[in-house]
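Q: Following this message is one structure expressed as structure tokens.
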Amino acid sequence: MYTIDSLGFKVFSDKLDAIVLDDLGAKTLNTISPNSYGISTKDIVFNEALKHSDYLVLDGVYFALASILLNGKNIQRNQGPDVFYHFMNRLNNQNGKVFFLGASEEVLEKIRLRAKNDYPNILVKTYSPPFKENFNDEDNKAIINEINAFAPDVLFVGMTCPKQEKWTYLNKNKLNIKLACCVGAVFDWYAGNQKEIHPLWWKLRLAWLKRTIDRPEILKRYPNIGIFFRDLLLIVLRLKKQIRFEELG
């Protein structure tokens with residue numbers, strides 16, 4: 001499995017086929033972007049969740065730009081939709097099981113109906129958790145029991161960043177799964193609530209622009225994104241040291 005160290009994060013830069021689904025304990029897959037980088041500088045638990053990801057994949061082009069500028073290496077693009085469709089296709093061929101955690105029951109119903117048509121060989125189960133900032137012990141117990149009773153191959157978590165990553169990190173060892181993927185935005189895309197971004201936007205490396213046009217509320221993320229570009233500029237100008245992943249201990 002090939003990874004690249006960029007801005008203190010060990011980023012997965014390989015084909016998704018390199019990710020093995022086995023029974024050796026739950027693994028986590030998260031995404032890294034300028035926005036999540038910025039949040040990680042202010043949220044210790046979220047930072048730990050990203051740093052302890054078994055697979056941290058690229059979300060958007062600019063984290064790859066940082067690697068090119070600082071390391072002279074590009075990062076394999078494996079964004080949320082790539083991850084989702086890869087594992088859905090893989091598990092459809094293997095008669096696997098998938099659990100969707102997050103979103104409203106209305107959204108989950110749309111996901112179940114579409115998945116039944118698109119991936120007839122996959123057993124699908126869903127759970128809509130309470131809409132609150134933090135789950136209490138009773139909430140967590142109910143969620144974990146639902147997941148473990150089904151024992152899915154892959155758990156897709158869609159509770160928005162950074163909540164989904166933090167919840168998965170803190171509960172990973174209690175889950176009877178092979179892989180947990182935090183891909184929140186994919187839920188609404190797949191349910192049809194938000195139009196999926198045309199492949200041309202991804203090819204032109206402008207998916208971020210199309211996403212911002214479709215969802216102006218994303219502009220609220222720009223202060224976090226600004227932290228990423230600030231740190232990148234300071235490191236390029238040699239005014240700030242780039243911390244390597246192995247230096248973090």
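Q: Any idea what % of Cα-Cα pairs in the stretch 122-231 are farther than 18 Å?
A: 60 percent
Q: While we're here: Let me understand the stretch 73-160 better: what is its radius of gyration from the alpha carbons, and its Dmax, in angstrom?
A: For the stretch 73-160, the Cα-based Rg and Dmax read 14.3, 46 Å.
Q: Please turn the phi angles of the stretch 17-25 into ³J(HN,Hα) values with the Karplus equation 6.51 cos²θ - 1.76 cosθ + 1.60 (θ = phi - 60°), one per residue in order, whole Hz, x for glycine and proline.
A: 4, 6, 7, 8, 9, 9, 9, 9, x
Q: What residues qualify as long-range amide H neighbours of Asn78, i.e. H under 5 Å apart, gap of 5 or more or another chain, H built at 1.01 Å from N?
A: Leu58
Q: Sticking with this structure for a sec: Given springs between every Cα pair under 10 Å in a Gaussian network model of the chain, which of Arg90, Arg77, Arg238 has the largest fluctuation?
A: Arg238
Q: Around Ser13, which amide H atoms from residues at least 5 apart in sequence, or from another chain, sit under 5 Å from its own amide H, with H modelled in the peptide plane?
A: When sequence neighbours closer than 5 places are left aside, the close amide H contacts are Tyr2, Thr3, Ile4.
Q: With +1 assigned to the C-beta of every Lys and Arg and -1 to the C-beta of every Asp and Glu, and no other charges, what is the dipole magnitude of the chain about the Cα centre in debye, to the nearest 20?
A: 720 debye
Q: Let me ask another. Karplus couplings for the stretch 149-159 from phi (6.51 cos²θ - 1.76 cosθ + 1.60, θ = phi - 60°), rounded to Hz, Gly and Pro as x?
A: Per residue, the Karplus-derived 3J(HN,Hα) values read 5, 8, 6, x, 5, 10, 10, 9, 10, x, 10 Hz.
Q: In the Gaussian network model of the chain, springs joining C-alpha atoms below 10 Å, which of Pro130, Pro162, Pro216 carries the largest mean-square fluctuation?
A: Of Pro130, Pro162, Pro216, the Gaussian network model singles out Pro216 as fluctuating most.
Q: What span do the alpha-carbon atoms of the stretch 33-79 cover on each of the three principal axes, reported in whole Å from largest to smallest?
A: Largest to smallest, the principal-axis extents are 29, 20, 16 Å.
Q: When only Cα pairs under 8 Å and 6 or more residues apart are kept, what is the percent relative contact order across the chain?
A: Rounded, it is 27 percent for the chain.
Q: Next question, about the same structure. Each residue of the stretch 50-67 in order: what ³J(HN,Hα) in whole Hz does its phi give by Karplus 6.51 cos²θ - 1.76 cosθ + 1.60, θ = phi - 60°, with x for Gly and Pro?
A: For the stretch 50-67, the Karplus-derived couplings read 5, 5, 9, 4, 6, 9, 10, 9, 6, 10, x, 8, 6, 5, 5, 4, 4, 5 Hz, x marking Gly and Pro.
Q: May I pose another question? How big is the gap, in Å, between the Cα center of the stretch 1-61 and the Cα center of the stretch 147-170?
A: Their Cα centres are 15 Å away from one another.
Q: For the stretch 1-139, what class follows from the C-alpha gyration tensor (a ≥ b ≥ c being the square roots of its eigenvalues): rounded when a/c is under 1.5, otherwise prolate if a/b is larger than b/c, else oblate?
A: In terms of gyration-tensor shape, oblate.
Q: So for the pair Asn171, Gln194, with labels modelled 7 Å out along Cα→Cβ, what separation do we get in nm?
A: 2.2 nm
Q: Next question, about the same structure. From Cα pairs below 8 angstrom and at least 6 apart in sequence, can you work out the relative contact order of the stretch 1-92, rounded to a whole percent?
A: 32 percent
Q: Using only the Cα atoms of the stretch 59-112, build the gyration tensor, take square roots of its eigenvalues as a ≥ b ≥ c, and label the shape rounded, prolate or oblate: rounded if a/c is under 1.5, else prolate if a/b is larger than b/c, else oblate.
A: Verdict is oblate for the stretch 59-112.
Q: Another question about this same structure. Based on the alpha-carbon gyration tensor of the stretch 1-80 and its eigenvalue square roots a ≥ b ≥ c, which shape applies: rounded if a/c is under 1.5, prolate if not and a/b is larger than b/c, or oblate?
A: Cα axes put the stretch 1-80 in the oblate bin.
Q: In the chain, what % of DSSP beta bridges are antiparallel (nearest 5)?
A: Approximately 15 percent, going by the DSSP bridge assignments.
Q: Hey, what does the equivalent ellipsoid look like for the chain, semi-axes from the Cα gyration tensor as sqrt of 5 times each eigenvalue, largest first, whole Å?
A: 29, 20, 18
Read-outs: derived from the displayed coordinates by stated rules, not from any lab. As the structure is a prediction and not an experimental result, all values here were calculated from the model. Cβ sites come from the backbone with ideal geometry, for glycine too, and all protein chains shown count toward neighbours.
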